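The values are calculated or read from the model by the stated rules, or taken from the named source; none is laboratory data. Predicted, not measured: the structure shown is a model, and the values here were computed from it. Here Cβ is always computed from backbone atoms with ideal geometry, including for glycine, and neighbour counts include all displayed protein chains. SASA here: full protein model, heavy atoms, side chains in, ligands and nucleic acids out. Shrake-Rupley method; radii C 1.70, N 1.55, O 1.52, S 1.80 Å.
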Amino acid sequence: DLYRSGVFYRAGRPFEAKSMAEKSLESFDKLELATKGAACTILLALVALESGNFEDACRSCEATIEALGELGNPTLLGQAFFILGEAERSLGNVDNAKRALIKSHELVERISGHLVTEEQKVSPFDNRLVVYEALVDLFLGGNVGYQEEKLVFSFIEKAKSRSLTDLLAFRAYALPATRPGRSRLAEQVRQLREELNWYYRQIDLQESRTEEGAEQGVDALRRHSRRQESRLIQTLAKVQEADKEFSSVQHALTIDLDEIREALPADTTLLEYYIARDTV
């Protein structure tokens with residue numbers, strides 16, 4: 001039913017999507033499967049958002065954020081904060097919308113490329129770049145000072161950089177090493193990514209089991225996955241020190257606006273275009 005709900009949503013059939021999501025949520029609540037339940041409430045929030053029921057969307061997102069508070073799932077939390085930001089904006093609460101979208105952006109940045117969780121497969125969100133577009137559109141919708149302009153510019157650069165790095169992340173392992181020690185670190189990054197994908201899959205499988213002791217097994221897997229996430233972040237930091245060239249295709253790195261301006265020759269203008277929600 002959860003999968004069918006996502007399919008109905010994508011097919012533009014909100015009533016069926018809502019019905020299936022509510023049916024799934026009822027079952028997941030009985031089984032105490034918080035992560036799966038959160039996937040349902042996110043779908044319900046999306047349906048409410050697109051139906052103009054913005055307050056309902058906010059409530060569904062807040063319920064998701066509260067339920068996931070201790071589970072540390074950046075994928076679902078990032079989606080919940082994104083929808084919350086969109087709903088708050090529609091209600092005219094611009095400051096709340098900015099806070100929620102910036103939080104969503106921070107969570108998106110924590111998700112390393114090609115770490116595929118089961119929630120990502122089910123979720124209607126198959127494009128993380130919508131977060132950057134929403135931020136640019138929101139910030140440039142009003143009067144902004146220079147510091148906010150710099151922030152918006154960084155969102156634009158992050159969006160472009162992430163599009164490229166997500167495409168190159170795995171291919172980069174085939175590049176010849178330009179610094180001593182890179183091949184060893186690159187292999188560690190590859191192994192950690194594979195292990196994390198395995199943990200995410202095992203968590204999903206364990207959550208579907210109902211026998212005694214299954215919940216403790218899921219908790220143990222979550223602890224291990226968080227440990228591996230920390231190891232991956234630390235290893236990527238070491239890669240950045242050992243080989244900036246290789247690191248640049250692992251992270252969505254950007255250059256500050258002031259640095260770009262300083263690098264431009266005199267009497268030179270750099271004109272850059274970015275399209276956010278059909279607006280140049």
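Listed values, structure above:
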{"read-out": "Of all residues in the stretch 128-159 being in contact (Cβ under 8 Å) with a residue 12 or more places away in the chain, part of a helix (DSSP H, G or I) and open to solvent by 60 Å² or more (accessible area, probe 1.4 Å), the one that is farthest from His105 (Cα to Cα)", "value": "Glu149"}
{"read-out": "Whichever residue in the stretch 2-35 is in contact with an Asp or Glu (Cβ under 6 Å, 6 or more places away or on another chain) and under 20 Å from Tyr200 (Cβ atoms) and, among such residues, is least open to solvent (accessible area, probe 1.4 Å)", "value": "Ser24"}
{"read-out": "The stretch 20-76, residues that are more than 23 Å from Leu101 (Cβ to Cβ) and of a type in the set (A, V, I, L, M, F, W, C)", "value": "Met20, Ala21, Leu25, Phe28, Leu31, Leu33, Ala34"}
{"read-out": "Sole residue being under 22 Å from the mean Cα position of the chain (by Cα), under 28 Å from His224 (Cα atoms), assigned to a helix (DSSP H, G or I) and without any contact (Cβ under 8 Å) to a residue 12 or more places away in the chain, chosen from Glu66, Glu62", "value": "Glu66"}
{"read-out": "Close pairs from the stretch 25-40: first within 14 Å of Val218 (Cβ to Cβ), partner small (Gly, Ala, Ser) and modelled with pLDDT of 85 or more, Cβ under 7 Å, at least 6 apart", "value": "Phe28/Gly37"}
{"read-out": "Given (1) surrounded by fewer than 21 Cβ atoms within 10 Å (Cβ to Cβ); (2) at pLDDT 85 or above; (3) under 22 Å from the mean Cα position of the chain (by Cα), number of the condition Glu88 does not satisfy", "value": "(1)"}
{"read-out": "Qualifying residue in the stretch 47-58 (condition: part of a helix (DSSP H, G or I) and in contact with a Cys (Cβ under 8 Å, 6 or more places away or on another chain))", "value": "no"}
{"read-out": "Those residues of the stretch 221-241 which are buried (at least 18 other Cβ atoms within 10 Å of the Cβ) and at pLDDT below 70, in sequence order", "value": "Val239"}
{"read-out": "Residue that is on the phi < 0 side of the Ramachandran plot, part of a helix (DSSP H, G or I) and touching a Cys at 6+ places or on another chain (Cβ under 6 Å), where the choices are Leu84, Leu77, Leu43, Leu101", "value": "Leu84"}
{"read-out": "Asn93 being surrounded by fewer than 24 Cβ atoms within 10 Å (Cβ to Cβ) and either closer than 23 Å to Tyr132 by Cβ or of a type in the set (Phe, Trp, Tyr) (or both)", "value": "yes"}
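Condition check ((1) modelled with pLDDT of 70 or more; (2) out of contact with any Lys or Arg (no Cβ under 9 Å at 6 or more places or on another chain)) across all residues:
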residue	(1), (2)
Arg99	yes, yes
Leu107	yes, yes
Phe125	no, yes
Glu133	yes, no
Leu138	yes, no
Gly141	yes, no
Leu151	yes, yes
Tyr173	no, no
